[in-house]
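Note sheet for the following structure.
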Amino acid sequence: MRIEHLSIKSVTIAIFVMIGAVAMVLSLLAGSFFRESALDAQMSSLSRVLEVATQEMQQGIRGHSFDLGMKLAHSRALVEAFSTASESGNDGKLVALLDDPFISGFVGFSEINLVKLRVYSPDLEFVGESSVGIQGTRQALPGYLANLIRNRGRDDRLKGVDALWLSSQGPLHSAVIPLGGLRPVGYLEVVVDPAFNLKDIAAITRTPVSIYAMSDELLSTVNSGNDSEYLPVEYVLFTPDSVPAFRIVGLEDIALLSDEMARIKTVTITGFLMLAFATLLLALWLFSRFMLSPVSAMVRNMRAMAQGNLDMAVDNRALREFHELSDAFNTMASQMRMRTNDLERLLDLDDSAILCFDRDREMVYCNRSAATLFGYSGDEISDLDFTDLFVDDVAVLTARLEGTAGRRREDKLHEVLTCRHKDGYEFRCDSVINAIDVMGQSGHAIALNTVAGDDEIMSSQSEQRLDAVEQSLTSLLEFARSNPSLMLGLGNLGELSDVDPTGGVDKGTVREQVVSVMNLALACWERELGKSKLDLAEESRIWPVYIDKSTPTTRTLDKYLSLENCTKNPRSKRVVDTAEFVLRHLPDENSAACEGLRRALDEFRLLLAGVKAKSRQPEG
């Protein structure tokens, strides 16, 4: 699409529509990212909950392991059996005592899964272990615990230690307690399987929990949920030396969270879109109020001024740029109006008669000398054409100039024309005929100067005068070519038409209505009053009466009674005034003829009102 086909209004609306579309897309993306961010935050929070629950579970294992270890460590029989085994190497009694908790049970045996009991010398050397429980593990204290005991101070030698560690049989938890109480003779290791207690995490968090080994082997599941209703949250349990031991997957019910997020998303997106839409509407209103409407009014005024209505002024109440533009246009129009008036006054001061005709050979301009020469008033002469003013066939003469439109100096004619006065007598004038452009169409300008007799040849002085007039006329024509619409604004031509010439109006309809109303008015005048057409022209004083060879005629009125002879731009005011004059003088206002004329007049007025409204509409 070419840029001149675009208007500021369409471009502005397109820009705001794009902004609105982008705002909608961004709001939807923001809502989606908000949900993802909320879920990530929820997962992070739930992961922290799992971590706390795991620590709570480990604290329970630690407590039960230390309770069992403290009871066994203070057993005199176990201490004596440990000493005997250390000195003599006979660990039979020691193994029996270590197997007793597996056989006889102990306080809290249902809370932990005891898998091994071992004893070590003060130097952490292996002395013995229970024969019951897990088999195949290395008979040595886990490295992390051994280093922790060796590296702690003397004051901490009576304290127990514990840790989660990896064995060949999987993750285990060991608690090491000094054997012998305040006089330790060695160390007792209580080995527990932590997988037994991981189910407590589900009770703490009150959510379904699944426990996996690091090989992705499912160890246990508590209250398995539906993936569509629960959000999986993963937490990895590490040993103190940062080796992964278990993978814990908790399922959090996010139905309430999803509903809340959906509600918040709907509210925020709707609110944002409403605010964005309101902002766009406000922006469009501001643009329309301060730019589009002033520009549209400015265009209408400029178009009217370009068509010759130079008395108008472009409203400059707009934004700064358009204010400056309207001021510049008003200044330019003022200069053009001044130059046009000056040129018109110059033409009126000249003794030569100057007439301009359009393509249809109807007059569009005449100076004061022309009206005086032919004996018509300004209103009367504007309704005339070639045949009314000249006896000679001027149309044949002007046809010679139509090929070049008078753009060369030699494209003009010097002829002696026989003219017809308003009173009917004939006279001869020297003439200069030139072709011009009138509203983008071909037209002609004629400059006339009377001669003393029929056989008199144009004198040198008369020729000089005509040359001077021709120069003035040439200036007018050149101005008309640059501003063709202004030809309709010269003199009294603003009254020639009630319709904007470029309003896109069907002038044929207007002319048909003019002829119809005039014929109805004349018929009522003749039938109801018994008077003639000449009486109508004389009594109404609306139509001029001409004297042709001592016979009064109504040439102008006659043109309005025939569609073929009706002028291109009929004077609608004359038609309305004529119909109203006839209606006022009819004796019977309720007669069928009167009603028909009144109805036709009303339709004609409506047509004129629509034409004027249409002519004021800006072009799209």
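The values are calculated or read from the model by the stated rules, or taken from the named source; none is laboratory data. This structure is a prediction, so every number in the text was calculated from the model and none was measured. Here the Cβ positions follow ideal geometry from the backbone for every residue, glycine too, while neighbour counts run over all protein chains shown.
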Please enumerate the residues belonging to the range 146-160 that are surrounded by 17 or more Cβ atoms within 10 Å (Cβ to Cβ) and either farther than 26 Å from LYS93 by Cβ or touching a Leu at 6+ places or on another chain (Cβ under 7 Å) (or both). LEU148, ILE149
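Residue-by-condition table, conditions (1) in contact with a Lys or Arg (Cβ under 9 Å, 6 or more places away or on another chain); (2) outside the structural domain of LYS573 (by TED's automatic domain parsing); (3) charged (D, E, K, R):
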position: TYR365; (1), (2), (3): no, yes, no
position: LEU373; (1), (2), (3): no, yes, no
position: SER377; (1), (2), (3): no, yes, no
position: ASP383; (1), (2), (3): yes, yes, yes
position: THR387; (1), (2), (3): yes, yes, no
position: VAL394; (1), (2), (3): yes, yes, no
position: ASP430; (1), (2), (3): no, yes, yes
position: ILE433; (1), (2), (3): yes, yes, no
position: ILE436; (1), (2), (3): yes, yes, no
Taking ILE201 as meeting all but one of (1) without any contact (Cβ under 8 Å) to a residue 40 or more places away in the chain; (2) farther than 20 Å from THR137 by Cβ; (3) in contact with a helix residue (DSSP H, G or I) (Cβ under 9 Å, 6 or more places away or on another chain), write down the number of the exception. (1)
Taking the range 197-206 and keeping residues under 17 Å from GLY170 (Cβ atoms) and either surrounded by fewer than 18 Cβ atoms within 10 Å (Cβ to Cβ) or among the acidic types (Asp, Glu) (or both) leaves LYS199
Restricting the search to the range 109-138, which residues are touching a Ser or Thr at 6+ places or on another chain (Cβ under 7 Å) and either surrounded by 14 or more Cβ atoms within 10 Å (Cβ to Cβ) or not assigned by TED's automatic domain parsing to the domain that holds ASP91 (or both)? ILE112, LYS116, LEU117, SER121, VAL127, THR137
Residues in the range 332-346: is at least one in a loop (DSSP other than H, G, I, E, B), of a type outside the set (Gly, Ala, Ser) and surrounded by 18 or more Cβ atoms within 10 Å (Cβ to Cβ)? no
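Could you look through the range 600-614, keep only residues that are touching a helix residue (DSSP H, G or I) at 6+ places or on another chain (Cβ under 9 Å) and farther than 10 Å from ALA521 by Cβ, and pick out the one that is modelled with the lowest pLDDT?
VAL611
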Kindly check whether there is at least one residue in the range 233-255 that is at pLDDT below 80, closer than 28 Å to ARG206 by Cα and in a helix (DSSP H, G or I). yes
Out of GLU463, GLU456, GLU495, I need the residue that is surrounded by fewer than 17 Cβ atoms within 10 Å (Cβ to Cβ), in contact with a helix residue (DSSP H, G or I) (Cβ under 8 Å, 6 or more places away or on another chain), acidic (Asp, Glu) and modelled with pLDDT under 70. Which one? GLU495
